[in-house]
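Working notes, beginning with the structure itself.
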Amino acid sequence: MWHDAVVVAGKDLRIEWRSRVGLNQVVPFALVVLLLFGLALGPDAGRLRAAAAGLFWVTVLLACLLAVQRSVAVETADAGRDGLRLSGLDAGGIFVGKAAALALQLLVLEVVLAVVAALLYATPLSGIGLLAATCVLATAGLAAVGTFYGAVSAGTRVRETLLPLLFFPVVAPVVLAATKAFSAALSHHSGGGLGWLGLLAIFSVAYVAIGTIAFGPLLEDG
Amino acid sequence: MSALVPPVDHGLFGEGARSDAAAASRQRRAQLALRVVGVTGLLGVVLTVWLGLWVTPPDAYMGNLVRLLYIHPSMAWDAFLAYGVSFLASACYLWPRTRDLRFDRLAGASAEAGVVFTAITLVTGSLWGRPTWGTWWVWDPLLTTTALLFVLYLGYLALRKVPGDPEVRAKRTAVGALVAFIDVPIVYFSVTWWKSLHQAPTISPGKSDVHGLMAWTMLLSFVAFSLVYVWFVAHRYRLAGLQAREEAEGLALALAERRAEGAASAVEENEVWT
């Protein structure tokens, strides 16, 4: 299964490296969202700083939606799904591979966004360890749920509109916990963020496990 | 031609296509039982309204607001009951030994009722919150969880509406329902914690004891609205069965009609040209 996961993740990352859709479209989109949040909340630095953690994670969530749609589109175009099924790869491995590729792209995006958000929202980055751990755990959860719902909505004609409706409510706890952990780190109270890290870890483990088990039946449906 | 039509269960509780006398009488009995449930439930609701609005006294602290007690908690109970049934039915569908499209229909019917009851819960809760807390909405853990539950299951219903092969759709929605259901405790826990870190719990609802006629009215509302729930779901379930049957047989019927039409027009053409 792990070998299959590496193969699938490598394939997705290679596609991204050659097409650069994430880099040329998703990252700029996320930057636009960061700017718009700034406009919506006004130039008051104090208010922006107070909201920075939440704005960052909502931006990540919006960008994540695009990344998931891209990850699904790669499979639905040219009957890639049938190719995956014919390849004999383990369904759990396919899930882990696709989720890992998605998570890796999101992590790169988060690093870029964090730097830009720190500049735009006048928020010096502190508690780097907690920030990094939060990013890793929250991204694992987002990628797992995103890949799962991407597969659920993949075969349908309404997937662009259906996916966010299914995806966003489920990851609401991730946004909440990641925002709290970030706020704790940025306000130099890293200890207060550890509990939220635990919650993120539980969420991620639960949904990676569920996705690995449930992906087989979903893939069969075509 | 008929070989192409997959076997579908007919009737109220899926008694197979062989509508022999026993099945017919069973169906009649089921219909009668359902009617009894419906009429009893509606009578109970009427009685609750009468007791709740006219007979019971206003509360010493909350005044007439207390009358929301006869609808709001029972709606919330119905909503959670509905989601519980939907979850169990989805699990039954996914379990290979009990895999049956009837469970899929039950899950869908119950979730639909659940969303309606959740909406009523949120609206009545908000109506109560405005005069009591001074605002239509507070970020109370229970409220926030209920609101997220509402959107979660709206998504589930949207997923159910997606056209496709019934078996595929059933499996997809059952998995979706399980994943959504698992999220509920996580959401509740995280929102509770979020609040507890931030500020003291919001003013708790009036602590005045509920007793006597008020308690009985409240109990009656629970029974009445639960019966209404059963009635809703049974009818929605029956309708879903009919829809599935229409989907399965509709095409065959349309083809047959079209053929008959074609044959008739061919005859006409022959008559014209010969």
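Laboratory data are not the source of any read-out in this text; all were calculated from the coordinates shown. Keep in mind the model is a prediction, meaning the values are calculated, not measured. Note that we place each Cβ from the backbone using ideal geometry, even for glycine, and neighbour counts take in every protein chain shown.
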_Eligible lysines near B:LYS161 by straight Cα distance, threshold 29 Å, same-chain separation 8 or greater_ = A:LYS98, B:LYS171
*asked:* Starting from a Cα-only point model with no solvent, please compute log10 I(q)/I(0) by Debye for segment A:93-212 at q = 0.10, 0.24 1/Å.
replied: -0.32, -1.34
*Relative contact order for chain B, counting Cα pairs under 8 Å that sit 6 or more residues apart, in percent*: 33 percent
*For peptide B:145-157, how many partner chain Cβ atoms fall within 10 Å of a residue's Cβ, on average?*
3
*Is it possible to state the helix-based mean residue ellipticity at 222 nm for chain B, with each DSSP H run of 4+ residues giving -39500 (n - 2.57), the sum divided by total residues, to the nearest 500 deg cm²/dmol? What is it?*
-27000 deg cm²/dmol
*With a ≥ b ≥ c taken as the square roots of the eigenvalues of the C-alpha gyration tensor of segment A:150-204, please select rounded if a/c is under 1.5 and otherwise prolate if a/b is larger than b/c or oblate if it is not?*
prolate
_Taking 8 Å as the Cα distance limit and 6 or more residues as the minimum spacing, I'd like the relative contact order of segment A:130-210 as a percentage._
47 percent
*asked:* From Cα pairs below 8 angstrom and at least 6 apart in sequence, can you work out the relative contact order of segment B:46-200, rounded to a whole percent?
replied: 24 percent
*Roughly how many Å is it from the Cα centre of segment A:149-212 to that of segment B:142-182, as a whole number?*
17 Å
*So if we plug the beta-carbon distance of A:LEU86 and B:LEU127 into 1/(1 + (r/R0)^6) with R0 = 35 Å, what FRET efficiency do we get, rounded to 0.05?*
0.05
_Given a Förster distance of 25 Å, report the FRET efficiency between B:ARG97 and B:GLU167 from their Cβ-Cβ distance, rounded to the nearest 0.05._
0.95
*FRET efficiency for B:GLN243 and B:GLU268, Cβ-Cβ distance as r, R0 = 30 Å, nearest 0.05?*
0.25
*With +1 on each Lys and Arg Cβ and -1 on each Asp and Glu Cβ, and nothing else charged, work out how big the dipole of segment A:32-122 is about its Cα centre, in Debye to the nearest 20.*
180 debye
*Under a point-charge model restricted to the Cβ atoms of Lys and Arg (+1) and Asp and Glu (-1), what is the dipole moment magnitude of the protein assembly as shown relative to its Cα centre, in debye to the nearest 20?*
880 debye
*Once you have the alpha carbon radius of gyration of chain B, what is it after dividing by 2.2 N^0.38 Å, with N set to its residue count?*
1.32
*Stokes-Einstein translational diffusion, the protein assembly as shown - Kirkwood Rh over all Cα pairs, 1.002 mPa s, 20 °C, in µm²/s*: 83 µm²/s
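Pulled fully out, how much extra length does the chain show between A:ARG20 and A:MET1, if you take 0.36 nm times their separation in residues and subtract their Cα-Cα distance?
4.1 nm
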_segment B:75-163 pair-distance distribution - Cα-Cα, 5 Å bins, rounded %_ = 3, 15, 21, 21, 15, 10, 7, 4, 3, 1, 0
_Relative intensity, log₁₀ I(q)/I(0), of segment A:2-221 from a Debye sum that treats every alpha carbon as a point, q = 0.07, 0.15 Å⁻¹_ = -0.22, -0.94
*Is it possible to state the helix-based mean residue ellipticity at 222 nm for chain A, with each DSSP H run of 4+ residues giving -39500 (n - 2.57), the sum divided by total residues, to the nearest 500 deg cm²/dmol? What is it?*
-29500 deg cm²/dmol
*From the phi of every residue in segment A:73-80, what ³J(HN,Hα) in whole Hz does the Karplus formula 6.51 cos²θ - 1.76 cosθ + 1.60 yield, where θ is phi - 60° and glycine or proline is x?*
4, 4, 7, 6, 5, 6, 6, x
*If the chain between B:HIS235 and B:THR40 were fully stretched, how many nm would it gain, using 0.36 nm times the residue separation less the Cα-Cα distance?*
68.7 nm
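Please give the average number of partner chain Cβ atoms lying within 10 Å of the Cβ of each residue in A:187-200, rounded to a whole number.
Taking all residues of A:187-200 together, the mean is 1.
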_To make sure I understand, if each residue's beta carbon is the centre and we count other beta carbons within 10 Å, what order do B:MET75, B:MET218, A:MET1 fall in, fewest to most?_
A:MET1, B:MET218, B:MET75
